[in-house]
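The values are calculated or read from the model by the stated rules, or taken from the named source; none is laboratory data. All figures in this text were calculated on a predicted structure; none of them were measured in a lab. Cβ: placed from backbone, ideal geometry, glycine included. Neighbour counts: every protein chain shown. Please note that ligands, DNA and RNA were not included when accessible areas were found on the heavy atoms of the full protein model with its side chains. Shrake-Rupley method; radii C 1.70, N 1.55, O 1.52, S 1.80 Å.
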Amino acid sequence: IDGSNLYADATGQFSLDGNIGENVSLSSQIRGRYFIVNNDAGADSIIETTVSDGDDVTLVHNESTSEFTFAEVDTYIAANDVREMILESNPDYPVISTQVDWPINVNLADTCNAYYDYSSINFFSSGGGCNNTGFGTITYHEYGHHMIACAGSGQNEYGEGQSDVLSLVMT
């Protein structure tokens, strides 16, 4: 709000204490404390509106039926869900327990896959007979690779198997 950051809770609710005045600019992006979603197919989803004291505002990022917006929203929600589950099991999980602003890159110009590169999780647009890969179970799997790397374990077959298990546990 007017250049200040405000975060919604797990249910998407937020409130601002104090008097904000009249006709204040509010913008909502698909990002939070822990994750930043980057849309490789175009501009990141953002909702901009004007609010005043006492206004109730509903912001819905996935009103569009675009696969690109769905991928932004779905990966953000899934990444937060899987992070929360990991930290419920181990609140001091290495790296993940303190990590902020971690990138999720969606709608990459390729098809039929997703990947983890030790610095982000990445999802492809639809094409080649495949759906957009930016959705829940694939997000859980790719974040599973990050979980494994943060614990100091290797990837390869072990990483694939454990990432599949995490995705299964989440679903």
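No disulfide-compatible partner, judged by a Cβ distance under 4.7 Å, exists for the following cysteines of the chain: Cys150.
When peptides 95-101, 25-31, 145-151 are sorted by average Cβ neighbour count within 10 Å, with the highest value leading, the order is 145-151, 25-31, 95-101. Any idea how far apart Val60 and Asp92 come out in nm if each label point goes 7 Å out from Cα toward Cβ? With each label point 7 Å from Cα toward Cβ, the separation is 4.4 nm. Taking every DSSP helix (H) stretch of at least 4 residues in the chain, weighting each as -39,500 (n - 2.57) and dividing the sum by the residue count yields a mean residue ellipticity at 222 nm of -10500 deg cm²/dmol. Over the Cα atoms of the chain, the radius of gyration divided by the Kirkwood radius equals 1.01; this is the Rg/Rh ratio. Each of Ala43 and Ala149 was given a label point 7 Å from its Cα along the Cα-to-Cβ line. The distance between the two points is 3.1 nm. Rounded to the nearest 5, the antiparallel percentage of DSSP beta bridges internal to the chain is 60%. At a probe radius of 1.4 angstrom, the accessible area of segment 60-161 per residue rounds to 47 square angstrom.
Once neighbouring chains are kept in place and the probe is 1.4 Å, which whole percent of the accessible area of the chain is contributed by carbon and sulfur?
Carbon with sulfur: 45 percent of the solvent-accessible area.
Amide H to amide H distances under 5 Å link Asp44 with Asn39, where only residues 5 or more positions off or on other chains count and H is placed in the peptide plane.
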